[in-house]
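These notes are about the structure you will find just below.
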Amino acid sequence: MANIIKSPKKEKDPKATSQKIIDNHEKAALHHEKAAKLHHEAAKFQKDGNSTMACGCNCKAKNESDLAKKIQKKNKKKQSQIA
C-alpha cells in the first residue's frame, strides 16, 4: 500500500481576508442601493396606477436584496474564520 503524503495547509493572509470582507461589504451596499432605487420606482408606478410595472420593479428589487444577503452571509463566514 502506498504512503499518502499530505501537503501542508496554506496559511491565509489576514490582511487579504479582511480586504475581501471590505470588498464584499461594498458590493452588498451597491446591491442594497439598487434595491432601494427599484422600490422607489415601484412606488412611483403604483402611485400612477400601473401595478404591473410596480410588481416587476419589486421582483427586481427582491433579487438585488437576495444578492446582498448572499454577500453578507459570505462575510459572516469569513469573519468567523478570522476570529
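Values in this text are rule-based calculations from the coordinates and carry no lab data. Everything quoted here is computed from the prediction, not taken from an experiment. Note that each Cβ is placed from the backbone with ideal geometry, even for glycine, and that neighbours are counted across all protein chains shown.
Residues of region 53-77 that are buried (at least 16 other Cβ atoms within 10 Å of the Cβ) and farther than 28 Å from ALA43 by Cβ: ASN75 alone.
Residue count for region 5-37, restricted to those that are surrounded by fewer than 13 Cβ atoms within 10 Å (Cβ to Cβ), of a type outside the set (Val, Ile, Thr) and over 16 Å from the mean Cα position of the chain (by Cα): 11.
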